[in-house]
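First the structure, in the form of structure tokens, and then the observations on it.
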Amino acid sequence: MWQQENQQLVVNKISEILDATDLAYAEQMTAMFDDARRIFISGAGRSKLVGNFLGMRLMHSGYDVSMVGEIVTPSIKNGDLLIIISGSGETEQLVAFTNKAKSVGAKIVLICSKEKSTIGDLADGVFQVGKQELYKTVKGMPMGTVFELSTLCFLEAVVAHLIWEKGIPEEKMRERHANME
């Protein structure tokens, strides 16, 4: 019985966060993706893993995507877009990446849980998943779990939106999927 209660707790919390997230974000993010020459994605810890999910989905959707920190990642330039996933918007390494991208003329998107932050002040777009007051400690969901799981679901919904809007067939996405697994 406890497992079912825990599952319901997680689902309810993610639903609460997503219900408090602006529905216009999907359209706004899609426009920023489309305007970018290339897309770079970064985060730290589990937020980086969420970024990996997004990067894969955007690549499947036909975008030129690189993950910051990989050995084959090219240099960011004017006309590119850097997506930072950071609950706090204060992670030192991500602030440094943001400053570098800004210095070469790249656009910055922050996906966060906090209304105001260092990265948010530098960003061209801030997408707050849920509301800050909803992130109080949740028993069984420690250390940022609520943000990461909610952000993963939010970004999957954004990708679903862009796939639908652009009419990208699953067969086309499968053609782009790794074939050396």
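Only the coordinates and a few stated rules stand behind these numbers; no lab work does. Being a predicted model, the structure only gives us computed values, none of them experimental. Cβ atoms come from the backbone with ideal geometry, glycine included; neighbour counts cover every protein chain shown.
Between amide H atoms placed 1.01 Å from N, distances below 5 Å from L82 occur with F40, K107, I108, V109, all of them 5 or more places distant or on a separate chain. Mind telling me which of E148, E70, E115 comes out most flexible in a GNM of the chain, alpha-carbon contacts under 10 Å? Judging by the Gaussian network model, the answer is E70. Summing +1 for each Lys or Arg and -1 for each Asp or Glu among the other residues whose beta-carbon sits under 14 angstrom from that of K13 gives -2. Highest mobility in the GNM of the chain, judged by mean-square fluctuation with C-alpha springs under 10 Å and restricted to I83, I168, I111, is found for I168. This ranking places K13, K100 by how few other beta-carbon atoms lie within 10 Å of each, fewest first, which gives K100, K13. Each of S86, S15, S75 has some number of other Cβ atoms within 10 Å of its Cβ, and from fewest to most they run S75, S15, S86. Here the Kirkwood formula puts the hydrodynamic radius of the chain at 16.9 Å, using every distinct Cα pair. Rounded to whole numbers, the Karplus 3J(HN,Hα) couplings from phi for the stretch 17-30 are 5, 5, 5, 9, 9, 4, 5, 6, 4, 4, 5, 5, 5, 4 Hz, using 6.51 cos²θ - 1.76 cosθ + 1.60 with θ = phi - 60°, and x at Gly and Pro.
I'd like the distance between the alpha-carbon centres of the stretch 82-109 and the stretch 18-33, rounded to an integer number of Å. Spelled out, the Cα-based centre of one part sits 19 Å from the other. Taking other C-beta atoms within 10 angstrom as a stand-in for reagent exposure, Y63, Y25 fall in the order Y63, Y25, fewest first.
Measuring between alpha carbons in the structure, the pairs from K13/K116; K100/K172; K116/K139; K13/K48 lying more than 28 angstrom apart are K100/K172.
The largest-to-smallest principal axis extents of the Cα set in the stretch 88-170 are 43, 39, 18 Å.
Under 10 Å, Cα contacts only: if you run a Gaussian network model on the chain, which one of A123, A96, A106 comes out with the highest mean-square fluctuation? Result for the chain, Cα springs under 10 Å: A96 fluctuates most.
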